[in-house]
Amino acid sequence: MISLVMIRHGSIPLSSVFIFSVIVISIPCSEQLQSSQAQTLVRIQRLLNFPSVLSHWNNQTDFCNTELNSSVTIVCYEESITQLHINGNEGSSSLPKNFSIDSFFTTLVGLHSLKVLSLVSLGLWGRLPIKIARFSSLEILDISSNFFHGVLPRELSYVKSIQTLVLDDNMFRGPVPYWLSELPVLAVLSLENNMFTGSLPESLRTMKNLRILVLSKNQLSGEIPDLSSLTNLQVLDLECNSFGPQFPSLGSKLVNIVLRKNKFSSAVPSELNSYYELQRLDISFNKFVGPFPMSVLSLPSIAYLNIASNRFTGMFFPNTSCNEELDFVDLSSNLLTGKLPACLLYGSKNKIVLYSGNCLSVGKQSQHPYSFCRNEALAAGILPLKGKKTSRKTIAVLVLSLVGVVGAIAAVGLILLVLRKSSVEKIRKRLQAKIGQKNATTGHARKLLLDTRCMLATKRLETLALPAYRAFALEELEVATNNFDTSNFMGEGSHGQMYKGKLNDGSFVAIKCIKLKRRHSTHNFMYRVDLISKVRHHHLVSTLGHCFECYLDDSSVSRVFIVFEYVPNRTLRSCICEGLAGQTFTWTQRMAAAIGIAKGVQFLQTGLPQKVSYKLEMAEILLGQGPVAKISSYNLPLLQENLLNVDDQDSSGSKLPSAERKKYDEKTNIYDFGVILLEIIVGRPIMTQEEAEFVKYQLQVGIAAGDVARRCIVDPVISRGCADESLKTVMGICIRCLSKEPTHRPPIEDVLWNLQFGIQVQEEWKGGPRSSGGSPITPLQYSPLPRFQNWCNC
């Protein structure tokens with residue numbers, strides 16, 4: 001069984017499978033089975049609802065001498081069954097509601113001499129019974145690809161003889177049990193694709209016999225315990241969790257390290273150069289920083305290296321050496337410079353080398369200019385700031401400013417480094433005008449930093465083809481709406497009436513008219529208007545300007561008009577759930593829309609100097625040209641009495657400070673985004689929280705099931721047009737968004753990353769050969785063991 005798991009994780013060649021098969025088949029099977037154990041097997045067949053793989057079983061079957069195959073294997077010794085392997089059909093649905101897991105295990109313990117028990121893809125569901133402790137001789141337990149749920153029972157630790165424990169592709173939850181360290185001879189622990197949460201127990205470091213540790217695709221987080229004492233550990237797979245930020249402390253005998261899609265943000269330790277047995281290293285899609293140790297390329301055993309989508313720096317030289325066996329390298333989307341060495345550019349035709357999105361001096365694969373990587377590294381604090389002279393004027397400002405303003409200027413200094421020279425003078429003058437006051441306060445400095453961040457965001461949005469924000473004259477708006485004629489009336493909400501208008505240049509706009517209940521001076525609105533002018537993003541219905549209507553007697557404001565870009569009245573829900581205009585919204589289009597919404601949410605959470613409240617609803621997501629998804633259901637902070645340090649309440653009525661309230665609201669919005677993802681996946685409106693929970697449960701079952709079962713859940717319009725890996729990724733992040741506990745919901749950055757990964761997989765799937773499940777065929781998918789065919793899906 002150790003051979004099986006290592007094959008699955010790319011550490012042992014496929015020829016080992018043949019060796020394993022010969023060992024199993026060569027065991028003499030001429031035993032005469034006890035009649036009670038034969039009857040037990042027949043009862044197991046009945047309890048499993050007569051699966052097709054057991055169709056040849058009956059009361060006359062000579063179980064110890066049946067022909068062995070990849071689905072069913074029985075090994076007998078001294079009139080007892082010692083090994084039972086049953087592999088059902090991949091994607092099998094759960095057993096009927098009248099199935100009892102307790103009754104099943106009560107029957108199963110009749111095979112009291114079992115040393116190996118493998119029950120895979122049989123639709124078993126329920127909590128793992130405490131009767132598992134009765135298998136006192138059990139050495140290998142594999143119950144993968146079923147529907148087990150709940151926490152692992154403490155009684156499992158009583159099976160002291162267990163060496164291999166594989167519980168992949170179920171719905172186990174809770175923390176990884178600390179008592180696993182009480183299994184003295186455990187060598188293989190694989191808990192892939194479950195719902196385990198929390199941090200790893202410190203007791204892991206005491207599991208001296210552990211060779212393989214697979215915890216990928218769960219919801220684990222925090223720092224990884226020091227595993228350097230595990231000198232037998234060869235495979236470590238922690239993919240698709242939230243571990244970090246420090247690179248784990250590991251032993252040097254590892255063969256396979258997979259840390260991709262986590263939250264690591266440290267540098268890679270120099271000890272990595274001494275991992276002489278390392279064959280596979282995948283640390284992609286994290287936030288690792290600092291120089292990447294180029295000597296990893298020449299490690300004597302390295303064959304697979306993936307560091308894509310980090311922030312590694314470093315310079316390649318043409319004479320950098322590589323291991324001849326290195327046949328896959330992905331350096332994409334880092335801050336690497338120099339010239340790729342010949343050992344990567346030339347060699348075997350089967351070698352794959354990806355390096356786009358860096359600053360390398362090569363003609364192939366898209367590269368940034370050298371200055372980009374230099375400035376990005378400086379902005380992230382990766383490189384020291386060298387050779388920059390501070391002007392006398394800047395020194396004078398620093399001397400005259402208070403500590404808060406000093407911090408603001410430091411941030412502005414970094415910003416100036418990454419802006420084009422033509423923009424520097426303009427921004428510098430704006431900032432100097434703000435900080436030229438003698439009595440600058442810390443609060444003023446904070447506002448300055450926020451304004452600076454918004455200036456940069458505005459700079460990035462110049463490509464959105466939006467006109468500059470401006471003040472409109474009332475007469476201009478009256479002409480645009482035909483004096484606010486009812487024919488241009490679009491609707492009314494709690495915050496005012498909305499009209500459609502046509503400006504003099506022929507462009508259409510949406511105008512919100514807000515009547516004030518009491519008089520306000522224009523001065524009271526100026527800060528608010530300054531904030532409103534920053535609500536401009538490609539995936540928001542953006543603001544274009546404002547207008548005040550004032551009373552003649554005291555010039556106080558009576559009405560406020562906010563001008564928005566006009567988006568045709570077509571919602572994402574109408575395109576997906578209602579099928580309007582005869583359109584078929586493809587999976588790729590749905591993914592692009594979800595990514596757009598996530599980017600809009602990210603901007604509302606992080607791109608503005610003050611919180612803007614919003615309610616994510618499918619019916620409020622409009623589709624512009626492209627089509628581009630745009631959030632329309634946000635509230636402008638025009639009439640809030642207290643703009644800063646506002647206390648609020650949570651759902652229980654408890655007071656929350658503004659910072660905690662912001663975090664609480666963000667987690668609520670993530671849940672709402674999860675509901676939108678549900679509608680995108682299943683293609684029908686989700687109207688209640690109870691319905692959302694039910695569909696979420698269906699997704700959980702679908703993820704644990706096979707390709708066919710998953711496609712039965714999704715909208716039939718797109719069921720055949722989506723890659724299975726892409727679908728699983730979106731289902732997985734959707735389930736996390738809908739977690740009942742707000743702290744378990746992922747940040748919007750994680751959501752966005754998963755969606756971008758999903759659409760990338762979808763695009764790659766379009767052009768490649770297809771397996772029977774619809775996903776691209778890769779070399780790793782060939783295996784005599786159907787159980788492990790799709791291990792690399794995420």
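The values are calculated or read from the model by the stated rules, or taken from the named source; none is laboratory data. A quick note: this is a predicted structure, and the numbers were derived from the prediction, not measured. All Cβ positions, glycine included, derive from the backbone under ideal geometry; neighbour counts span all protein chains shown. Each accessible area value is taken on the protein alone, full model and side chains, heavy atoms only, with ligands, DNA and RNA left out. Shrake-Rupley method; radii C 1.70, N 1.55, O 1.52, S 1.80 Å.
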Practice task
Take the Cα of Thr106, step 7 Å along the line toward its Cβ, and report every residue of segment 47-71 whose backbone nitrogen sits under 16 Å from that point.
Solution key: 47-48
Exercise for the section: May I ask you to give the solvent-accessible area per residue for segment 674-768, in square angstrom, as obtained with a 1.4 angstrom probe? Expected result: 38 Å²
Completion exercise
With label points set 7 Å from each Cα along the Cα-to-Cβ direction at Arg570 and Phe372, the distance between them in nm comes to 3.2 nm
Practice task
Express in nm, to one decimal, how much length is gained between Lys263 and Arg684 on full extension, taking 0.36 nm for each residue of separation and deducting their alpha carbon distance.
Solution key: 148.2 nm
Practice task
Mind jotting down the distance between the C-alpha centroids of segment 311-334 and segment 48-100, whole Å?
Solution key: 49 Å
Exercise for the section: Kindly write out, for segment 197-211 in residue order, the coupling ³J(HN,Hα) from the Karplus curve 6.51 cos²θ - 1.76 cosθ + 1.60 (θ = phi - 60°), rounded to whole Hz, with x marking Gly and Pro. Expected result: 10, x, 8, 7, x, 5, 5, 4, 5, 8, 8, 5, 8, 5, 10
Handout entry: Carbon plus sulfur fraction of accessible area for segment 190-318, probe 1.4 Å, in percent
Key = 52 percent
Practice task
Take the alpha carbon atoms of segment 662-713, find their center, do the same for segment 237-251, and report the distance between the two centers in whole angstrom.
Solution key: 28 Å
Exercise for the section: Would you kindly derive the ³J(HN,Hα) couplings of segment 120-129 from the backbone phi angles with the Karplus curve 6.51 cos²θ - 1.76 cosθ + 1.60 (θ = phi - 60°), listing them in order in whole Hz, with x for Gly and Pro? Expected result: 10, 6, 10, x, 5, 9, x, 7, 5, x
Completion exercise
accessible surface per residue for segment 141-252, probe 1.4 Å, DNA/RNA/ligands not counted, whole Å² -> 29 Å²
Handout entry: Extended-chain gain in nm, criterion 0.36 nm per residue less alpha-carbon gap, Ser136 and Cys712
Key = 203.3 nm
Fill in the blank from the handout: Taking 613-622, 47-56 and ranking on average Cβ neighbours within 10 Å, highest first, one gets 613-622, 47-56
Practice task
Determine the gain in length on full extension of the stretch Arg154-Gln60; use 0.36 nm per residue of separation and subtract their C-alpha separation, reporting nm with one decimal.
Solution key: 29.9 nm
